[in-house]
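A.B. asks: Starting off with a structure, shown below.
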Amino acid sequence: MAVARKRGRFWTVMAILAIALIILFFASFLIGRYPIAPAAVWDIICSHFINIPVYWDATMEQVVLQVRLPRILLGILVGGALSISGASYQTLFKNPMASPDLLGVSAGAGFGASLVMLDGGTWWQIQSSAFLFGIIAVLAAWLISRVFGGQNITVLVLAGIVVSSFFQSLLSIVKTLADTDDALPSITFWLMGSLGRANADDVLVMLPATVISLALLFFFRYQIDTLAAGEAEAASMGVNVPLVKVVVIVSSTLLTVSAVSICGIIGWIGMVVPHIARLLVGASYTKLAAASFLVGGLFLLIIDNVIRAIGVGTLPLGVLTSLIGTPVFVVLLSKARKAWL
Amino acid sequence: MLEINNLQYWYKPRRPVLKEISFSVKRGQIACLLGPNGTGKTTLLRCLLGLQAPRGGSVFLDGKNMSHLSAKKRARLMAYVPQSSGLAFPYEVREIVLMGRVAYLSPGGAHKDTDRQAVFDAMEKLEIEHLAKRSFQELSGGERQMVLVARALAQQSDLLIMDEPTANLDYSNQVKILKTIKHLSAQGYGILMTSHYPDHAFLACDNAVLMRDGRVMIQGTPEEAVTSESLTKLYETPVEVSEALTSYEKVKVCIPLLGCP
């Protein structure tokens, strides 16, 4: 098995991933219906930092800066956020099948978004309602486990499943009430996930949420690591387990709910990417989280580029991540099976 | 260094699990906690580890009342070796041993060279340096147990709490872990271990604590405490303690009387 063994391997892997991400970042500007030469993309971006004579038209600049730049940035941020959130949950719950929506955040957000879409709803209303209900769902799961399960983590997982089902039922009710010509299709497409409506404002929402969550997770990175050995062992090593648990859940929820409220539900990436990262750099949380972020960003950016290359509106992002994520997971299963059991 | 006074615990007030448990473990001493399943040994360990707050009585660590210690301070005074670890992912051995240093981190800080040195020293003490970069999941049961001991040693506390260190191990690994435990106590570590093998009390321990129904039935040196009568009463099954003559020493052994009606 290709688990990292050599000292320094982590930094090699990170450097390769970072370089790949930077190359892909710039290459992504070239994809889309409106053809723009690589030199022009470079000049348009650089013109904001140094003085370059303008030879491109306004549309070109708008496409690069208002359409493609936010979409590319969001692809990286959302992919990274979902993956790091999945990696954190897998470590906390000691479960390779844990995903960011384990505690019901996606189901809650889906319900919240669809509720607003019943009457049309502006982009901002949809986002904030998704955000709100995503958090309500996780809070509900947390409260249920507090009241009925004490500190037990299995009860928390069960509560997450219950809350997910509950909000999915509510979502189904909303769907039956929705206008079949207008609201229902937009709900359905929202649920399948897309970066198509992403704009510069979304980056401004996503960026602080990501930075705050990553800072929290980074601060407690070694404490989170010990939780992979179980709560009793972590406590015996001097870790404040209840606090670290809350930190992980709050950060992961914040990451996921911001991602989901911007892009809709994007499946599988948060579960599959940590496994890819684990094969590259090993299971230790600090390395795992860092690699997960880069791999997740790459993964989502590649898939969104495929969508943009095929043509806007043809394939929903969340569907494609599942379509590609599931076979990748099967391949990983054959490679890493021994390590999970 | 570990003093347990009148410790009491219950999950439901009408059904006490621990009733006035008192004993102590001294520096350089190995205490062996014996008792049938369901007698409260695990609950006692959970109380000692701070996972459950005692309902009554007190636990003193190096003269400090444990209920006044933070988890971090406690971890520097007392380390725990679980029976087996539920690590779900392919951690490397050195990463697991490094976890034992978490109590020495400054908030948000990274590990320092002293931490890496402590990890190396712990592994060297147990002669498992060669396992450092191996994946924990690929190790044998005996090797895994050694890694968990190393993680406890990396905590640099003088007291080790071991939950059935010889369970699930084959014969040679049981011997190996007992030798390790004796070796550690000779270096000054105080050790409290639970066991289902009363023989181990004679082989390795200075003190035996026999627990039944949430009470300490009898305690003392293995010679005093582990007798035919006490074991028969403890396990409610006829046991005879006999003396065996090996080629260079006399050892007491416990023999269950299977033929006895």
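A.B. asks: What's the total number of residues in segment B:38-85 that are among the hydroxyl-bearing types (S, T, Y), crowded, with 19+ Cβ neighbours inside 10 Å and under 17 Å from B:K26 (Cα atoms)?
C.D. replies: Total satisfying the criteria: 1.
A.B. asks: Quick one: how many residues across segment A:31-62 are exposed (fewer than 13 other Cβ atoms within 10 Å of the Cβ) and under 21 Å from A:V306 (Cα atoms)?
C.D. replies: Within segment A:31-62, residues that are exposed (fewer than 13 other Cβ atoms within 10 Å of the Cβ) and under 21 Å from A:V306 (Cα atoms) number 5.
A.B. asks: What number goes with the only condition from (1) at negative phi; (2) within 22 Å of the chain's Cα centre (by Cα) that A:D182 does not pass?
C.D. replies: It is condition (2) that A:D182 fails.
A.B. asks: Same structure, new question: Residue check: is A:D179 part of a loop (DSSP other than H, G, I, E, B), out of contact with any helix residue (DSSP H, G or I) (no Cβ under 9 Å at 6 or more places or on another chain) and surrounded by fewer than 19 Cβ atoms within 10 Å (Cβ to Cβ)?
C.D. replies: It is true that A:D179 is part of a loop (DSSP other than H, G, I, E, B), out of contact with any helix residue (DSSP H, G or I) (no Cβ under 9 Å at 6 or more places or on another chain) and surrounded by fewer than 19 Cβ atoms within 10 Å (Cβ to Cβ).
A.B. asks: Among the candidates B:T166, B:T180, which residue alone is modelled with pLDDT of 90 or more and over 19 Å from B:M1 (Cα atoms)?
C.D. replies: B:T180
A.B. asks: Another one. Mind listing whichever residues of segment B:67-88 are more than 14 Å from the chain's Cα centre (by Cα), more than 7 Å from chain A (Cβ to nearest Cβ) and either part of a loop (DSSP other than H, G, I, E, B) or more than 19 Å from B:V102 (Cα to Cα) (or both)?
C.D. replies: B:S67, B:H68, B:L69, B:S70
A.B. asks: State which residue is nearest to A:V244 (Cα to Cα) when the search covers only segment B:93-114 and only residues that are in contact with a Phe, Trp or Tyr (Cβ under 7 Å, 6 or more places away or on another chain) and crowded, with 20+ Cβ neighbours inside 10 Å.
C.D. replies: B:V102
A.B. asks: Could you tell me which numbered condition A:I249 fails, if it satisfies all but one of (1) within 12 Å of another protein chain (Cβ to nearest Cβ); (2) out of contact with any Ser or Thr (no Cβ under 8 Å at 6 or more places or on another chain); (3) surrounded by 19 or more Cβ atoms within 10 Å (Cβ to Cβ)?
C.D. replies: Every condition holds for A:I249 apart from (1).
A.B. asks: Is it true that A:T226 is in contact (Cβ under 8 Å) with a residue 12 or more places away in the chain and within 30 Å of B:Q155 (Cβ to Cβ)?
C.D. replies: Taking the combined requirement at face value, the residue satisfies it.
A.B. asks: Working carefully through the options A:T256, A:T286, find the one that is of a type in the set (S, T, N, Q), surrounded by fewer than 24 Cβ atoms within 10 Å (Cβ to Cβ) and either touching an Asp or Glu at 6+ places or on another chain (Cβ under 8 Å) or free of Cβ contacts under 8 Å to residues at least 40 places away in the same chain (or both).
C.D. replies: Result of the check over A:T256, A:T286: A:T286.
A.B. asks: Condition test on A:A109, is it under 15 Å from the mean Cα position of the chain (by Cα), within 19 Å of A:V78 (Cβ to Cβ) and among the small types (G, A, S)?
C.D. replies: Yes: the conditions hold for A:A109.
A.B. asks: Which residue, of B:G40, B:G50, is more than 30 Å from B:E138 (Cα to Cα) and facing another protein chain (nearest Cβ under 9 Å)?
C.D. replies: B:G50
A.B. asks: Let me ask something else. Could we say that A:S106 is more than 14 Å from chain B (Cβ to nearest Cβ), touching a residue at least 60 places away in the same chain (Cβ under 8 Å) and either under 19 Å from A:W268 (Cα atoms) or not in a helix (DSSP H, G or I) (or both) here?
C.D. replies: yes
Here's the yes/no breakdown for (1) away from chain B (no Cβ under 14 Å); (2) assigned to a loop (DSSP other than H, G, I, E, B); (3) within 17 Å of the chain's Cα centre (by Cα):
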position: A:P35; (1), (2), (3): yes, yes, no
position: A:V41; (1), (2), (3): yes, no, no
position: A:I45; (1), (2), (3): yes, no, no
position: A:I52; (1), (2), (3): yes, yes, no
position: A:L73; (1), (2), (3): yes, no, yes
position: A:A81; (1), (2), (3): yes, no, yes
position: A:S88; (1), (2), (3): no, no, yes
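The values are calculated or read from the model by the stated rules, or taken from the named source; none is laboratory data. As the structure is a prediction and not an experimental result, all values here were calculated from the model. Don't worry about glycine lacking a Cβ; one is built from the backbone with ideal geometry, like all the others, and counts go over all protein chains shown.
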